[in-house]
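Peer 1: I have a structure here, written as structure tokens, and I will follow up with some questions on it.
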Amino acid sequence: VEGLYNSGLISETLKDTIKGLPYNQGTGFGGDASVAVTTDSGNLDDLCNFLDEIGASIDITIDGSMVNGDRANMQLICDQANEDKNIKADSGSGTVTSSFNLSDLLNGDASVDLYTYNRKGKNPNDDMANAAQALLEDILNQAGEYLAEVFDLGDTYSQSALEYAMVCIKNLYTPVDDSTGEYYNDFHSDIDHFNGDVGSETNAPNYIGWVNDAYKRGLGLGHNHNKNRVSISNMLKAYLTFFADYMNGVSTLDENGNDQYYVNKGQISGSSLVTDDSSYIYTWLTGTSVSSDDLAQATFYDTLFNQICANGWTENDNIDDTEYLQQMLQNGMLFISKAKDDGYYYQGNYATDPYIKEISDDTLIAQAEAKYTTEKAKLNSKEETLDMKMKNLDTEISSLTTEYDTVKNTISKNIEKSFKRYNA
């Protein structure tokens, strides 16, 4: 669209109108209507500012009733800038809640970890694991509602991207044995296998997924402790990366030939998160309705672009020659495609298309008639001038003829008189 504007093919107003509407990647390929709302776009900071404007906040509630066992507890541990939001629930205690701006969790202004502690052998570890997983799923669902609100552009592609991101992130943070597809029963085993690279609980911000630190203070099982920790901030960054990866095209490569964005279990250095790329441009809904005419304009250019992506394009030096274009259409070398009720575009026939008619151009005809009349008047004037000159020449010739005859007759008579005089 910027290229069309820079080339002078569309106006600045039309450019802004098209760019203000969500690009529909499905239009022209079946039943995918464009959305009559406007969008905005920008990098991560711009997106986070918008999330702040709509009040996107995440409530994290720890339920102490789910923390069973001697000395067991579950905590929310924040960075120094947010230490006042640290919360802790001991075994059998009530609920505690902290709230965070989704934008702070995405842009790195807040680092928040979920921490669990229990004494292995005395505690029902599967209950602790279930409580932690339920909490993570609740956080993901809250974030998913906000992201669906701003990123669901009403087309199947953006909807598929949101579904893809949620499935991927839940699979990543659910303790399932990759080889069997079954849940682990022991939280310590969950973490060992799930993370793939065990580290100290204080290293959670450096990992995608859980980290575990199990240790023994004595020979008895009762002194075998499990400390597990997961970065909620990294989880949400990974979630957004899955979404952006789908929207950007999962096969898109960077300048080194690697996947541009990807998420892997383990150390965060093994992933390429979209939140680390300040140049990535997001598009989100602003909710403002647009006119049907503006929507039709945007849909036309979306379809045109999609068809170019699917079928390619060519450059023709004769494109500005209207007679050439007409002949190519009449000869069937070019055709016009139109949308049907099913949302697909089909090839149309130039001769039978009810919207295409060959009519006389009254303006050009009038111009031609005016030119003809002017030229004819010039010719008539020249003809009249020529006729006048011809008449003058005829008169002059007649005078000369008369004079010639008079002189000839005089000479003849003189000669005749001379012969009579001298009896010649």
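Peer 1: For the range 8-101, give the percent of accessible area contributed by carbon and sulfur heavy atoms, probe 1.4 Å, rounded to a whole number.
Peer 2: Details: 1870 of 4400 Å².
The value for the range 8-101 is 43 percent carbon and sulfur by accessible area.
Peer 1: Within the accessible area of the range 358-424, what % is carbon and sulfur when the probe is 1.4 Å and the other protein chains stay in place? Don't skip to the end; give the middle numbers.
Peer 2: On the way: 3700 of 6490 Å².
Looking at the range 358-424 in its full context, I get 57 percent from C and S.
Peer 1: Quick one: of the DSSP bridges fully inside the range 1-150, what percent are antiparallel, nearest 5? Intermediate values should be presented prior to the final figure.
Peer 2: Working: 17 of 18 bridges.
Roughly 95 percent of the beta bridges in the range 1-150 run antiparallel, per DSSP.
Peer 1: For the range 367-381, just list the computed ³J(HN,Hα) in residue order, Karplus coefficients 6.51, -1.76 and 1.60, θ = phi - 60°, integers in Hz, with x standing in for Gly and Pro.
Peer 2: Karplus values, whole Hz, x for Gly and Pro: 5, 5, 5, 4, 5, 4, 4, 5, 5, 5, 4, 4, 5, 4, 5.
Peer 1: Can I ask one more? Could you work out how much longer the chain between Asp317 and Ser279 gets when fully extended? Use 0.36 nm per residue separation minus the Cα distance between them, nm to one decimal.
Peer 2: Working: separation 38, 0.36 × 38 = 13.68 nm, distance 3.65 nm.
Between Asp317 and Ser279, full extension yields an extra 10.0 nm.
Peer 1: Next up: Which order do the peptides 308-314, 326-332, 2-8, 57-63 take when ranked by the mean count of other beta-carbon atoms within 10 Å per residue, highest first? Working shown, then result.
Peer 2: Working: 308-314: 8.3, 326-332: 12.9, 2-8: 11.0, 57-63: 17.6.
Averaged packing, sorted descending, gives the order 57-63, 326-332, 2-8, 308-314.
Peer 1: A further question follows. I'd like to check one number: the per residue accessible area of the range 313-424, probe 1.4 Å, reported in Å² as a whole number.
Peer 2: Per-residue accessible area for the range 313-424 comes out at 94 Å².
Peer 1: Please name whichever of Phe305, Ala370, Ser272 sits farthest to the positive end of the charge dipole of the range 252-383, dipole taken about the Cα centre and charges placed at Cβ: Lys and Arg +1, Asp and Glu -1.
Peer 2: Ala370
Peer 1: Still on this structure, please answer the following. Just to be sure I understand the model, the point goes 7 Å from the Cα along the line to the Cβ. What's the resulting Thr406 to Ser337 distance in nm?
Peer 2: Output for this residue pair reads 9.3 nm.
Peer 1: Can you tell me the length gained on complete extension of the stretch Glu149 to Asn86, counting 0.36 nm per residue apart and subtracting the Cα distance? List each step's numbers first, then the result.
Peer 2: Working: separation 63, 0.36 × 63 = 22.68 nm, distance 2.87 nm.
Contour length minus Cα-Cα distance gives 19.8 nm.
Peer 1: List the GluC sites (Glu not before Pro) within the range 350-424 that fall in a DSSP loop (any state other than H, G, I, E or B) and whose Cβ has at most 14 other Cβ atoms within 10 Å.
Peer 2: Listed in order of number, the matching sites are Glu358.
Peer 1: How large is ³J(HN,Hα) for each residue in the range 74-91, as worked out from phi by the Karplus curve 6.51 cos²θ - 1.76 cosθ + 1.60 (θ = phi - 60°), to whole Hz, x for Gly and Pro?
Peer 2: Once θ is set to phi - 60°, the couplings for the range 74-91 become 10, 10, 10, 10, 10, 6, 4, 5, 10, 4, 5, 9, 5, 9, 8, 10, 8, 3 Hz.
Peer 1: For Lys265, which lysines qualify as cross-link partners when the Cα separation must be under 18 Å and same-chain residues fewer than eight apart are set aside?
Peer 2: Lys170, Lys237
Peer 1: Peptides 137-144, 227-234: what's the order by average Cβ count within 10 Å, highest mean first?
Peer 2: Highest mean packing first, the order is 227-234, 137-144.
Peer 1: Report the net charge of residues surrounding Tyr350, where surrounding means a beta-carbon distance below 14 angstrom and charges are Lys +1, Arg +1, Asp -1, Glu -1.
Peer 2: Computed value for this residue: 0.
Peer 1: Can you send over the carbon and sulfur percentage of the accessible area for the range 224-288, probe radius 1.4 Å, protein chains only?
Peer 2: So the carbon and sulfur contribution to the accessible surface is 41 percent.
Peer 1: Could you work out the local net charge near Asn141, counting Lys and Arg as +1, Asp and Glu as -1, over the other residues with Cβ closer than 12 Å to its Cβ?
Peer 2: Neighbour charge sum, excluding Asn141 itself: -3.
Peer 1: Next question, about the same structure. Which whole-number value in Å² is the accessible area per residue of the range 1-155, probe 1.4 Å?
Peer 2: On a per-residue basis, 43 Å².
The values are calculated or read from the model by the stated rules, or taken from the named source; none is laboratory data. Keep in mind the model is a prediction, meaning the values are calculated, not measured. All Cβ positions, even for glycine, are placed from backbone atoms using ideal geometry, and neighbour counts span all protein chains on display. Accessible surface is based on the protein model in full, side chains and every heavy atom, while ligands, DNA and RNA are left aside. Shrake-Rupley method; radii C 1.70, N 1.55, O 1.52, S 1.80 Å.
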